[in-house]
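First the structure, in the form of C-alpha coordinates, and then the observations on it.
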Amino acid sequence: MDINQLFRLDNKTAFVTGASSGIGKHCAILLAQAGAKVAIASRRIAQLQTVVDEITRLGGQAKAFELDVTNKKSVVKCFDEMMAWSLPTIVINNAGMSINRKLLDQTEEDWDRVIDTNLKGSWLVATESARRMVASNASGSIVNIASILGERVIGGVAPYVISKAGVIQSTKVMALELARHQIRVNALLPGYVITDLNRDFLLSEAGQKILARIPSRRFNNLEDLNGPLLLLASDASSAMTGATIAVDSGHLINGL
(Lines give C-alpha, C1' and ligand atoms only; values in the text may rest on other atoms or scores of the structure.)
Protein backbone atom coordinates (compact mmCIF):
# COMPACT_ATOMS: atom_id res chain seq x y z
CA MET A 1 0.00 0.00 0.00
CA ASP A 2 1.17 3.51 -0.85
CA ILE A 3 2.36 5.03 2.43
CA ASN A 4 0.67 8.30 1.48
CA GLN A 5 -2.68 6.48 1.28
CA LEU A 6 -2.26 4.35 4.39
CA PHE A 7 -4.60 6.40 6.58
CA ARG A 8 -6.91 7.67 3.85
CA LEU A 9 -10.65 6.90 4.02
CA ASP A 10 -11.66 7.75 0.47
CA ASN A 11 -14.79 5.98 -0.84
CA LYS A 12 -15.80 4.99 2.69
CA THR A 13 -18.64 6.16 4.90
CA ALA A 14 -18.11 6.77 8.61
CA PHE A 15 -20.72 7.11 11.33
CA VAL A 16 -20.06 9.08 14.52
CA THR A 17 -22.42 9.14 17.50
CA GLY A 18 -22.51 11.97 20.00
CA ALA A 19 -21.10 14.20 17.29
CA SER A 20 -22.56 17.58 18.22
CA SER A 21 -19.55 18.68 20.28
CA GLY A 22 -16.26 17.69 21.88
CA ILE A 23 -14.55 14.46 20.86
CA GLY A 24 -17.42 13.38 18.61
CA LYS A 25 -17.41 16.60 16.61
CA HIS A 26 -13.64 16.46 16.30
CA CYS A 27 -13.75 12.85 15.08
CA ALA A 28 -16.38 13.66 12.47
CA ILE A 29 -14.38 16.54 11.01
CA LEU A 30 -11.15 14.53 11.06
CA LEU A 31 -12.69 11.56 9.25
CA ALA A 32 -14.15 13.87 6.62
CA GLN A 33 -10.73 15.46 6.09
CA ALA A 34 -9.34 11.95 5.58
CA GLY A 35 -11.79 11.45 2.70
CA ALA A 36 -14.79 9.72 4.27
CA LYS A 37 -18.43 10.63 3.84
CA VAL A 38 -19.59 11.19 7.40
CA ALA A 39 -22.94 10.47 9.00
CA ILE A 40 -23.29 12.18 12.36
CA ALA A 41 -25.91 11.61 15.02
CA SER A 42 -27.16 12.77 18.39
CA ARG A 43 -30.46 13.23 20.20
CA ARG A 44 -30.60 16.91 19.24
CA ILE A 45 -30.28 16.94 15.47
CA ALA A 46 -30.47 20.74 15.24
CA GLN A 47 -27.10 21.05 17.01
CA LEU A 48 -25.52 18.82 14.37
CA GLN A 49 -26.13 21.23 11.52
CA THR A 50 -23.16 23.41 12.46
CA VAL A 51 -20.94 20.34 12.23
CA VAL A 52 -22.39 19.45 8.82
CA ASP A 53 -21.83 23.04 7.69
CA GLU A 54 -18.20 23.01 8.85
CA ILE A 55 -17.46 19.71 7.11
CA THR A 56 -19.10 21.01 3.93
CA ARG A 57 -17.09 24.23 4.13
CA LEU A 58 -13.92 22.15 4.30
CA GLY A 59 -14.91 20.30 1.14
CA GLY A 60 -16.30 17.14 2.76
CA GLN A 61 -19.66 15.37 2.73
CA ALA A 62 -21.81 14.95 5.83
CA LYS A 63 -25.39 14.29 6.83
CA ALA A 64 -27.07 14.54 10.23
CA PHE A 65 -29.39 11.94 11.77
CA GLU A 66 -31.42 11.93 14.96
CA LEU A 67 -30.48 9.17 17.38
CA ASP A 68 -31.10 8.11 20.97
CA VAL A 69 -28.50 5.39 21.50
CA THR A 70 -30.37 4.02 24.53
CA ASN A 71 -33.43 3.16 22.45
CA LYS A 72 -33.35 0.12 20.15
CA LYS A 73 -36.11 1.46 17.88
CA SER A 74 -34.27 4.75 17.48
CA VAL A 75 -31.03 2.91 16.60
CA VAL A 76 -32.76 0.77 13.97
CA LYS A 77 -34.58 3.80 12.51
CA CYS A 78 -31.33 5.76 12.32
CA PHE A 79 -29.59 2.94 10.45
CA ASP A 80 -32.55 2.54 8.09
CA GLU A 81 -32.28 6.23 7.22
CA MET A 82 -28.49 6.06 6.88
CA MET A 83 -28.67 3.05 4.58
CA ALA A 84 -30.75 5.12 2.17
CA TRP A 85 -27.80 7.54 2.04
CA SER A 86 -24.82 5.19 2.41
CA LEU A 87 -23.69 2.09 4.31
CA PRO A 88 -21.29 3.10 7.13
CA THR A 89 -18.36 0.72 7.41
CA ILE A 90 -16.50 2.87 9.94
CA VAL A 91 -18.38 3.38 13.21
CA ILE A 92 -17.16 5.66 15.98
CA ASN A 93 -19.15 4.83 19.12
CA ASN A 94 -18.67 8.08 21.00
CA ALA A 95 -21.99 8.96 22.67
CA GLY A 96 -21.52 9.07 26.42
CA MET A 97 -22.24 10.88 29.64
CA SER A 98 -21.31 11.04 33.32
CA ILE A 99 -23.02 12.12 36.53
CA ASN A 100 -20.65 13.42 39.20
CA ARG A 101 -21.78 12.38 42.66
CA LYS A 102 -20.31 10.43 45.53
CA LEU A 103 -21.08 6.71 45.47
CA LEU A 104 -23.62 6.84 48.30
CA ASP A 105 -25.38 9.79 46.68
CA GLN A 106 -25.75 8.15 43.26
CA THR A 107 -29.35 7.15 42.56
CA GLU A 108 -30.81 4.29 40.58
CA GLU A 109 -31.82 6.84 37.97
CA ASP A 110 -28.20 8.06 37.74
CA TRP A 111 -27.04 4.48 37.23
CA ASP A 112 -29.62 3.79 34.52
CA ARG A 113 -28.87 6.99 32.60
CA VAL A 114 -25.10 6.46 32.55
CA ILE A 115 -25.08 2.70 31.95
CA ASP A 116 -27.81 2.90 29.31
CA THR A 117 -25.97 5.62 27.39
CA ASN A 118 -22.37 4.49 27.71
CA LEU A 119 -22.64 0.70 27.74
CA LYS A 120 -26.03 -0.33 26.38
CA GLY A 121 -25.91 2.46 23.80
CA SER A 122 -22.50 1.50 22.44
CA TRP A 123 -23.62 -2.15 22.34
CA LEU A 124 -26.82 -1.34 20.42
CA VAL A 125 -25.00 0.83 17.86
CA ALA A 126 -22.11 -1.59 17.37
CA THR A 127 -24.25 -4.70 16.97
CA GLU A 128 -26.73 -3.00 14.64
CA SER A 129 -23.92 -1.63 12.48
CA ALA A 130 -22.36 -5.11 12.36
CA ARG A 131 -25.65 -6.66 11.26
CA ARG A 132 -25.88 -4.17 8.40
CA MET A 133 -22.29 -4.82 7.31
CA VAL A 134 -22.72 -8.61 7.44
CA ALA A 135 -25.96 -8.40 5.44
CA SER A 136 -24.12 -6.32 2.83
CA ASN A 137 -21.06 -8.60 2.87
CA ALA A 138 -18.94 -5.58 3.81
CA SER A 139 -15.87 -5.49 6.02
CA GLY A 140 -15.51 -2.66 8.48
CA SER A 141 -14.08 -1.07 11.60
CA ILE A 142 -15.90 -0.25 14.83
CA VAL A 143 -14.11 2.05 17.27
CA ASN A 144 -15.57 2.28 20.76
CA ILE A 145 -14.59 5.40 22.68
CA ALA A 146 -13.92 4.09 26.18
CA SER A 147 -11.71 5.84 28.75
CA ILE A 148 -8.65 5.23 30.85
CA LEU A 149 -11.19 5.04 33.68
CA GLY A 150 -12.17 1.68 32.28
CA GLU A 151 -8.80 0.47 33.58
CA ARG A 152 -8.34 2.60 36.70
CA VAL A 153 -10.70 4.19 39.21
CA ILE A 154 -11.42 7.56 40.74
CA GLY A 155 -14.17 8.58 43.11
CA GLY A 156 -17.34 10.46 42.33
CA VAL A 157 -18.18 8.88 38.98
CA ALA A 158 -18.82 5.23 39.82
CA PRO A 159 -21.40 4.44 37.09
CA TYR A 160 -19.15 6.05 34.47
CA VAL A 161 -16.09 4.04 35.54
CA ILE A 162 -18.11 0.81 35.57
CA SER A 163 -19.66 1.56 32.17
CA LYS A 164 -16.29 2.22 30.54
CA ALA A 165 -14.85 -1.02 31.94
CA GLY A 166 -17.84 -2.72 30.34
CA VAL A 167 -17.14 -1.00 27.02
CA ILE A 168 -13.61 -2.40 27.05
CA GLN A 169 -14.85 -5.94 27.64
CA SER A 170 -17.66 -5.60 25.07
CA THR A 171 -15.03 -4.43 22.56
CA LYS A 172 -13.08 -7.63 23.08
CA VAL A 173 -16.05 -10.00 22.88
CA MET A 174 -17.39 -8.27 19.76
CA ALA A 175 -13.93 -8.44 18.18
CA LEU A 176 -13.85 -12.18 18.84
CA GLU A 177 -17.23 -12.92 17.30
CA LEU A 178 -17.06 -10.49 14.38
CA ALA A 179 -13.54 -11.37 13.21
CA ARG A 180 -14.92 -14.08 10.90
CA HIS A 181 -16.97 -11.38 9.17
CA GLN A 182 -13.88 -9.17 8.64
CA ILE A 183 -15.26 -6.57 11.03
CA ARG A 184 -12.66 -5.21 13.41
CA VAL A 185 -13.60 -3.82 16.83
CA ASN A 186 -11.12 -1.78 18.85
CA ALA A 187 -11.31 0.74 21.68
CA LEU A 188 -9.74 4.14 22.15
CA LEU A 189 -9.09 5.11 25.78
CA PRO A 190 -8.68 8.88 26.09
CA GLY A 191 -7.26 10.42 29.22
CA TYR A 192 -8.10 13.99 30.17
CA VAL A 193 -8.78 15.81 26.88
CA ILE A 194 -9.22 19.57 26.91
CA THR A 195 -12.59 20.58 25.45
CA ASP A 196 -14.81 23.64 25.75
CA LEU A 197 -16.79 21.86 28.48
CA ASN A 198 -13.90 21.04 30.81
CA ARG A 199 -11.27 23.69 30.02
CA ASP A 200 -12.07 25.87 33.05
CA PHE A 201 -12.02 22.88 35.40
CA LEU A 202 -8.70 21.57 34.10
CA LEU A 203 -7.16 25.00 34.58
CA SER A 204 -8.50 25.23 38.14
CA GLU A 205 -6.68 24.20 41.32
CA ALA A 206 -8.45 20.82 41.26
CA GLY A 207 -7.43 20.30 37.63
CA GLN A 208 -3.83 21.12 38.41
CA LYS A 209 -3.81 18.40 41.08
CA ILE A 210 -4.81 15.93 38.37
CA LEU A 211 -2.11 17.30 36.10
CA ALA A 212 0.51 16.60 38.77
CA ARG A 213 -0.34 12.88 38.55
CA ILE A 214 0.29 12.68 34.81
CA PRO A 215 3.92 11.68 34.13
CA SER A 216 4.30 14.01 31.16
CA ARG A 217 2.63 16.88 33.05
CA ARG A 218 0.30 17.64 30.17
CA PHE A 219 -3.36 17.22 29.37
CA ASN A 220 -4.31 15.99 25.92
CA ASN A 221 -5.65 18.18 23.15
CA LEU A 222 -8.27 16.92 20.72
CA GLU A 223 -5.58 16.80 18.03
CA ASP A 224 -3.71 14.17 20.07
CA LEU A 225 -6.47 11.72 19.14
CA ASN A 226 -5.92 12.16 15.39
CA GLY A 227 -3.24 9.54 14.79
CA PRO A 228 -4.75 6.80 16.97
CA LEU A 229 -8.25 7.37 15.59
CA LEU A 230 -7.14 7.29 11.95
CA LEU A 231 -5.09 4.19 12.67
CA LEU A 232 -8.10 2.29 14.02
CA ALA A 233 -10.54 3.63 11.42
CA SER A 234 -8.36 2.95 8.40
CA ASP A 235 -6.89 -0.12 6.72
CA ALA A 236 -3.58 0.77 8.39
CA SER A 237 -4.84 -1.34 11.33
CA SER A 238 -6.12 -4.24 9.21
CA ALA A 239 -4.48 -6.77 11.56
CA MET A 240 -5.74 -5.13 14.76
CA THR A 241 -8.92 -6.19 16.52
CA GLY A 242 -9.80 -6.40 20.19
CA ALA A 243 -7.10 -3.83 20.95
CA THR A 244 -7.30 -0.99 23.47
CA ILE A 245 -5.21 2.10 22.84
CA ALA A 246 -4.71 4.62 25.64
CA VAL A 247 -4.15 8.24 24.63
CA ASP A 248 -3.42 9.77 28.01
CA SER A 249 0.10 11.25 28.11
CA GLY A 250 1.17 8.37 30.33
CA HIS A 251 -1.55 8.73 32.98
CA LEU A 252 -2.32 5.01 33.17
CA ILE A 253 1.26 3.94 33.77
CA ASN A 254 1.47 6.14 36.85
CA GLY A 255 -1.31 4.16 38.53
CA LEU A 256 -2.42 7.11 40.67
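The values are calculated or read from the model by the stated rules, or taken from the named source; none is laboratory data. This is a predicted model, so every value here is computed, not measured. Cβ sites come from the backbone with ideal geometry, for glycine too, and all protein chains shown count toward neighbours.
Would you confirm whether any residue within region 87-94 is over 29 Å from R184 (Cα atoms), out of contact with any Leu (no Cβ under 8 Å at 6 or more places or on another chain) and touching a residue at least 60 places away in the same chain (Cβ under 8 Å)? Taking every residue of region 87-94 in turn, none turns out to be over 29 Å from R184 (Cα atoms), out of contact with any Leu (no Cβ under 8 Å at 6 or more places or on another chain) and touching a residue at least 60 places away in the same chain (Cβ under 8 Å).
The single condition among (1) surrounded by fewer than 20 Cβ atoms within 10 Å (Cβ to Cβ); (2) at pLDDT 95 or above that S122 does not satisfy is (1). For first residues located in region 1-18 and in a loop (DSSP other than H, G, I, E, B), partners that are of a type in the set (D, E) and lie 6+ apart or on another chain with Cβ distances below 8 Å form the pairs M1/D235; L6/D235.
For region 177-192, the set of residues classified as outside any helix (DSSP H, G or I) and either at positive phi or surrounded by fewer than 20 Cβ atoms within 10 Å (Cβ to Cβ) (or both) consists of Q182 only.
When only residues in region 200-233 that are of a type in the set (K, R) and closer than 30 Å to F7 by Cα count, which is surrounded by the fewest Cβ atoms within 10 Å (Cβ to Cβ)? Before the answer, list the steps.
Step one: filter region 200-233 for residues of a type in the set (K, R), giving 209, 213, 217-218.
Add one more test, that the residue is closer than 30 Å to F7 by Cα, and what stays is 217-218.
On the way: R217: 10, R218: 14.
Checked region 200-233; the qualifying residue surrounded by the fewest Cβ atoms within 10 Å (Cβ to Cβ) is R217.
Check whether at least one residue in region 32-40 is in a loop (DSSP other than H, G, I, E, B), in contact with a Gly (Cβ under 9 Å, 6 or more places away or on another chain) and among the charged types (D, E, K, R), and report yes or no. No, there is no match, as no residue in region 32-40 is in a loop (DSSP other than H, G, I, E, B), in contact with a Gly (Cβ under 9 Å, 6 or more places away or on another chain) and among the charged types (D, E, K, R).
Restricting attention to region 95-108, the residues that are farther than 29 Å from G140 by Cα, touching a residue at least 40 places away in the same chain (Cβ under 8 Å) and not polar (S, T, N, Q) total 4. For region 161-179, the condition of being closer than 29 Å to I3 by Cβ and not hydrophobic (A, V, I, L, M, F, W, C) holds for at least one residue.
Taking the stated definitions as given, is G59 within 21 Å of H26 (Cβ to Cβ) and over 22 Å from the mean Cα position of the chain (by Cα)? So G59 fits the description; yes. The conditions of being in contact (Cβ under 8 Å) with a residue 60 or more places away in the chain, within 18 Å of the chain's Cα centre (by Cα) and under 25 Å from L30 (Cα atoms) are not met by L188. All conditions in (1) assigned to a helix (DSSP H, G or I); (2) over 15 Å from the mean Cα position of the chain (by Cα) hold for A138, with the sole exception of (1).
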